[in-house]
6 protein chains.
Amino acid sequence: MLLHLSTWQEVEVYLQQSQGIILPIGSTEQHGPTGLIGTDAICADAIARGVGEATHAIVGPTINVGMALHHTGFPGTISLRPSTMIQLVRDYTTSLAKAGFTKFYFINGHGGNIATLKAAFSETYAHLEDLQIPNAHKVQCQIANWFMCSSVYKLAKELYGDQEGSHATPSEVAVTQYVYPEAIKQATLSSEVGSGHKIYGATDFRQKYPDGRMGSNPALATPEHGQQFYELAVKELSQGYLEFLNN
Amino acid sequence: MLLHLSTWQEVEVYLQQSQGIILPIGSTEQHGPTGLIGTDAICADAIARGVGEATHAIVGPTINVGMALHHTGFPGTISLRPSTMIQLVRDYTTSLAKAGFTKFYFINGHGGNIATLKAAFSETYAHLEDLQIPNAHKVQCQIANWFMCSSVYKLAKELYGDQEGSHATPSEVAVTQYVYPEAIKQATLSSEVGSGHKIYGATDFRQKYPDGRMGSNPALATPEHGQQFYELAVKELSQGYLEFLNN
Amino acid sequence: MLLHLSTWQEVEVYLQQSQGIILPIGSTEQHGPTGLIGTDAICADAIARGVGEATHAIVGPTINVGMALHHTGFPGTISLRPSTMIQLVRDYTTSLAKAGFTKFYFINGHGGNIATLKAAFSETYAHLEDLQIPNAHKVQCQIANWFMCSSVYKLAKELYGDQEGSHATPSEVAVTQYVYPEAIKQATLSSEVGSGHKIYGATDFRQKYPDGRMGSNPALATPEHGQQFYELAVKELSQGYLEFLNN
Amino acid sequence: MLLHLSTWQEVEVYLQQSQGIILPIGSTEQHGPTGLIGTDAICADAIARGVGEATHAIVGPTINVGMALHHTGFPGTISLRPSTMIQLVRDYTTSLAKAGFTKFYFINGHGGNIATLKAAFSETYAHLEDLQIPNAHKVQCQIANWFMCSSVYKLAKELYGDQEGSHATPSEVAVTQYVYPEAIKQATLSSEVGSGHKIYGATDFRQKYPDGRMGSNPALATPEHGQQFYELAVKELSQGYLEFLNN
Amino acid sequence: MLLHLSTWQEVEVYLQQSQGIILPIGSTEQHGPTGLIGTDAICADAIARGVGEATHAIVGPTINVGMALHHTGFPGTISLRPSTMIQLVRDYTTSLAKAGFTKFYFINGHGGNIATLKAAFSETYAHLEDLQIPNAHKVQCQIANWFMCSSVYKLAKELYGDQEGSHATPSEVAVTQYVYPEAIKQATLSSEVGSGHKIYGATDFRQKYPDGRMGSNPALATPEHGQQFYELAVKELSQGYLEFLNN
Amino acid sequence: MLLHLSTWQEVEVYLQQSQGIILPIGSTEQHGPTGLIGTDAICADAIARGVGEATHAIVGPTINVGMALHHTGFPGTISLRPSTMIQLVRDYTTSLAKAGFTKFYFINGHGGNIATLKAAFSETYAHLEDLQIPNAHKVQCQIANWFMCSSVYKLAKELYGDQEGSHATPSEVAVTQYVYPEAIKQATLSSEVGSGHKIYGATDFRQKYPDGRMGSNPALATPEHGQQFYELAVKELSQGYLEFLNN
């Protein structure tokens, strides 16, 4: 059940049986010469819809711009500052908590969002308790990173080994190929790729990772792999969501 | 050309020929008993894609949650506070302006966004000049409200007369029916509908407009109407975008 | 009744019979070679006092600096950023709402304030409901732009036709001449005047409108005209205030 | 020279000979049963105009709402939060510093503003240096509290002794009587008056100072005294302003 | 009783008998060629511990970075902006007020903190009343500047006369020598020292006070003096704290 | 070399040979019936000093209040909100970066700080690049969690097995016993201890973890263990700091 394709009265009925909601969150950032700028949002969005179907959960609108400041040296990247993202998450959850939602399951497609999301959750809990919203103390937020699912991780290792890398990975590129086969990109990838450097600011990042990839070989990706990753992630996160609900 | 389905290198090439970008912005808010909660985002998203195709412009990710505080008395609504939205718009435009974009064309699907967007534009211009970004003084933002296109307005009057109303209107519902025919909703609409009241806070809004409609009869909407509105809006806003670019 | 010339005990008595307050808001910004920098504040202040007398309403202190970032390329202009102005309006209304005021009628002298004021109202309603102030849901804010009164608009068209323009207009200059006849300015006005350009940032504005006027010929203004505009605005806004109270 | 009654071209000329500006700041707060709510703004405004005339300095718009949170238990009081006021002062000074002003002389009518103003100055200096505005390092802000002028203080002691008190004082009431003789208020003042308590929050303040006065007997005030205070303050602060300029 | 060396259960017991807490606040800023960068924090910390022992009060963690923006032209200085410090104080006091503390006694070692602390207190009182925390109206904050104790001031005048100066003073250096005799510094001090200039921004400050001292001769300091100052301050502030508690 | 015990001229000399600084960060929060409220700050402070000595690095003032909102249900806890902590970290690093520091090594004693610190680093990098500080692009921040050192982790497992738990752990309590043997606490610990629950808001946390421990048995701690942990952490983090410098 997609929030965007529902009416408020359908939401009202839904809330009588569940207080859970899935919120996909991605990023709009460079993903190397062949990865889509929307990769993280596309993956989160698709997998969240799959989980929503599997669990009869409502799926909110995808947060398609996240915390990608370190990628802003590449054109096309859009980033929120962490302080903005904290306010955004606070606003989303406050709107929904006032209506009765208490379980927020963020299906996340971008490692760079994790820290800020966790900070935002802490800020949100305190804010909601301050507002004295009924059931404020029951509000729980959880991050579910699809790319950290053990089944996903295992398959990526099997298929790609060290060439999975950590950004513009073949696994995430594969998922986007599965979702948008019409947007599979071709480009010559340098055999040399930046790897192993820590992430600091945007200028530094671009110097260390000149084509945007982090130790990855996205040329290994195929739409078929993408489907596999998609199905594994949906299965594992569906279980994760149900456990979260019943926590 | 969709930013989400592009690579950063494609954006780099694009920037050599154009510094314009289209940013769809909608809202996630109740639209009466039969209107989709995502109506404003769906319309903005679809029309922006149409305009992008017609003008070869890049289309950024849809801002699908906007300023809908007055609708938060209805479950399913999500709203940013204006102060958050100003920071969000500042972050989007700053990221893009640093990469070379100077013309931001916001295709907007929600009347409630207009004031905050305009405030955000003012804040943004000053911020970019303070940052001393090259071409900061060339940065221009414009709101293009598809529902205010004269062709759209005229057709709505012809088709619906006074029953167009001002929220959960048949014209916007029609566009969503055209885009998502699988999500056409049926519900009994009261013959009495709130109308003519000014908009203040959320509690007041729900009292004045108990089912969420503002003077509208969305039962008049059809997918065929939706296609007409879509095509008129795409045509008129494509022209508007090109004029904006050449301004 | 002017808040500034009242005691708190007089306000306490007033609140037993009315919860309405008029808040004049202007701007401190260039108004061309002959317009006063305080034009917008002067007009709002004078007209608000007139409305206060006519309706026995209390009139608060004039907010004489508004949102004028686009005029900051001209010396003497002072502007709040929109995000500051939102906090300011929130603070004013919160102070007054805690004391029992619920009807805030902003008599506005500057078009550039409108968007930010509306955004501020939305932020305020939500804030007051969050604070759980008694009667928070009854709080209503309204903008009344004296220069958009139909009677004012009609007279300006009659007197000045196209030379009314949209900034440093003869109508607003006339009102300041009526209020401050000792401060009527003389300067040679170029026969060429910027016109028809959209408003973006401060640098752009000054390029497009080199002497600050927007399509106007303020040399047509006379104090007598000013009195006429003043009286029309007071009459129309007095009626508007009473309707707002009885809404 | 009043900024409000000047044109931007007159300001441009002024800046060639002086970079100083006087900014009056008051408050909108209860001043006991007979003191005007606008007392602090009225005094600052009048004295600033006097200083402006005496020194040929430009006088900006009066900031008539200041930091009066502790008075918000009395109806009619309006207060900025300190964090809002810091942003406001930053915005004022940034607008003016960009145009070339470097010497900001705040003529202040309210003790409660002092701490926040000083905090705002610190924030402002750092902000302007960060913006790399030309002459940022020359920007200087100074508070000039008219009620702390030694000549004023001495006369108040002579005329009123201990009955001067520290809020709703006969000296400030006298100045308002001189400026607005038509608004002299009569009320029975209790012979018992709160005195000597420190200032904390609004609820506490109203308990300690039930009629709003702090140890004062404003019944002693006369318009003639007001004129004396006015003239002393104008003289002393005029000298102070010139010393500040030549610092 | 040091909060850092206590358990939460000990705090729970403490709260049954007292709602007071001592919060030391200093600064991390240059103190001339021989003064320690931590001088203000060291003094506040040591004296607060002494007062805590004398009065059986709980002493919270030392806020060792304060408002020192004007010293940031010297390496090693760290400063909060005033707006950050206001939020910090709000967070400290809110955490503690929710647990039942109502009396906050800030033992302060840095003149530059005073304005911002006072602004923060005002913001805090209003915030806590808005949160509707039980006993919010009983919350009281007080600044106790050890260097302004009359006994300290008198001794400094006796020992150093005019050479006490106002920053990097022999009295504060003496206290640090008493607390950290192993960190007594030697350096040649110029016989010329900046004096009498007002404090504005960081660049200006360093120009006026090239070695960081303000009219002081810290070479006069001895650890024995330091012990005297320490004991006087502890005695006077212990009495001050008890009066504050019983207020 | 402790920043607090240095002069600005010593810092100036230091900067000629190193641009690195160690910033200890802890928390002020409940640590169960026998753990000190200052545990996290005490450990970070002590270990940072050890690392500073071993590596000749300068050690800044300990940030002794961190992000502990989830512990605020227990008296004595003080927490910053994440949004405040982001501003605080920004202010610290900006002050120091302007003076020439580029390598910030945060020795952290509290797991709850990690997310917000990382968010703050991202915000800081972007801020410094916006300020156009020289060497902004060289600024690097790193978190070093002493309790995550592999040598520490291994010893904790050997000594305590599963009774190490994850909050109020015997290993951190042991370090505080080593540092403050005079503050070793005795209390009866329930044999039942909350364990395995995720962390959400403060009310929820206290319900799940009624005495504040998370699966730990701090009764196993000894000062001798503490010394071992201290020495292992100092050794491992000293190496980590040197690698960070040479990165």
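A few notes on this one:
- For B:T188, the conditions (1) free of Cβ contacts under 8 Å to residues at least 60 places away in the same chain; (2) closer than 16 Å to B:P33 by Cα; (3) open to solvent by 60 Å² or more (accessible area, probe 1.4 Å) all hold with the exception of (1).
- Selected residue (criterion: farthest from the other protein chains (Cβ to nearest Cβ)) from residues of the stretch E:1-47 that are touching a Leu at 6+ places or on another chain (Cβ under 8 Å) and assigned to a helix (DSSP H, G or I): E:I47
- Checked against (1) at the interface with another protein chain (Cβ under 7 Å from one of its Cβ atoms); (2) buried (at least 24 other Cβ atoms within 10 Å of the Cβ); (3) touching a residue at least 12 places away in the same chain (Cβ under 8 Å), A:S95 meets all criteria but (3).
- Qualifying position, being modelled with pLDDT of 95 or more and under 26 Å from C:T102 (Cα atoms), among B:A219, B:A202, B:A168: B:A202
- Selection status of F:S195, more than 30 Å from A:Y200 (Cα to Cα), more than 14 Å from chain A (Cβ to nearest Cβ), in contact (Cβ under 8 Å) with a residue 24 or more places away in the chain and open to solvent by 10 Å² or more (accessible area, probe 1.4 Å): yes
- Any hit, the stretch F:51-69, residues being within 7 Å of another protein chain (Cβ to nearest Cβ), over 15 Å from the mean Cα position of the chain (by Cα) and either crowded, with 23+ Cβ neighbours inside 10 Å or over 30 Å from F:L220 (Cα atoms) (or both): yes
- Of all the listed residues (E:G100, E:G76), the sole one being modelled with pLDDT of 95 or more, at positive phi and surrounded by fewer than 24 Cβ atoms within 10 Å (Cβ to Cβ) is E:G100.
- Test for E:F106: is it farther than 28 Å from E:T188 by Cα and more than 10 Å from every other protein chain (Cβ to nearest Cβ): yes
- Qualifying residue in the stretch A:119-131 (condition: more than 11 Å from chain F (Cβ to nearest Cβ), touching a residue at least 24 places away in the same chain (Cβ under 8 Å), out of contact with any Lys or Arg (no Cβ under 8 Å at 6 or more places or on another chain) and open to solvent by 10 Å² or more (accessible area, probe 1.4 Å)): yes
- Out of E:T7, E:T39, E:T55, E:T28, sole residue that is within 27 Å of F:G35 (Cβ to Cβ), at pLDDT 95 or above and touching a strand residue (DSSP E or B) at 6+ places or on another chain (Cβ under 7 Å): E:T7
- Between C:L155, C:L159, C:L189, the distinction of being in a loop (DSSP other than H, G, I, E, B), away from chain B (no Cβ under 14 Å) and more than 23 Å from B:N113 (Cα to Cα) belongs to C:L189 only.
- Sole exception among (1) closer than 30 Å to D:E129 by Cα; (2) in contact with a strand residue (DSSP E or B) (Cβ under 8 Å, 6 or more places away or on another chain) for E:A48, by number: (1)
- Residue match in the stretch E:94-114 (condition: farther than 22 Å from E:G240 by Cβ, in a helix (DSSP H, G or I) and not polar (S, T, N, Q)): yes
- Selection within the stretch E:206-223: residues that are under 21 Å from the mean Cα position of the chain (by Cα) and part of a helix (DSSP H, G or I). The member of this set that is surrounded by the most Cβ atoms within 10 Å (Cβ to Cβ) is E:P218.
- Checklist (1) β-branched (V, I, T); (2) assigned to a helix (DSSP H, G or I); (3) free of Cβ contacts under 8 Å to residues at least 60 places away in the same chain applied to D:V234, failing item: (3)
- Lone qualifier among C:S171, C:S151, C:S166 - being of a type in the set (S, T, Y), touching a residue at least 40 places away in the same chain (Cβ under 8 Å) and open to solvent by 60 Å² or more (accessible area, probe 1.4 Å): C:S166
- Within the stretch F:6-40, tally of residues that are open to solvent by 30 Å² or more (accessible area, probe 1.4 Å) and closer than 19 Å to E:S79 by Cα: 4
- Hey, D:A187 touching a helix residue (DSSP H, G or I) at 6+ places or on another chain (Cβ under 9 Å) and under 23 Å from D:T28 (Cβ atoms) or not: yes
- Members of the stretch C:132-148 found to be more than 14 Å from chain B (Cβ to nearest Cβ) and either surrounded by fewer than 18 Cβ atoms within 10 Å (Cβ to Cβ) or outside any helix (DSSP H, G or I) (or both), listed by number: C:M148
- Looking across A:E158, A:E192, A:E172, A:E182, one residue alone is in contact with a helix residue (DSSP H, G or I) (Cβ under 7 Å, 6 or more places away or on another chain) and charged (D, E, K, R). It is A:E172.
- Evaluated against (1) touching a helix residue (DSSP H, G or I) at 6+ places or on another chain (Cβ under 9 Å); (2) over 30 Å from D:Q19 (Cβ atoms), D:L245 falls short on exactly one condition, (2).
- Top-ranked residue of the stretch F:198-247 - restricted to ones that are hydroxyl-bearing (S, T, Y) and within 14 Å of F:A156 (Cα to Cα), ranked as nearest to the other protein chains (Cβ to nearest Cβ): F:S216
The values are calculated or read from the model by the stated rules, or taken from the named source; none is laboratory data. Keep in mind it's a predicted model, so treat the numbers as computed, not measured. We place every Cβ from the backbone using ideal geometry, glycine too, and count neighbours over all the protein chains shown. These area figures cover heavy atoms from the full protein model, side chains too; ligands, DNA and RNA do not enter into them. Shrake-Rupley method; radii C 1.70, N 1.55, O 1.52, S 1.80 Å.
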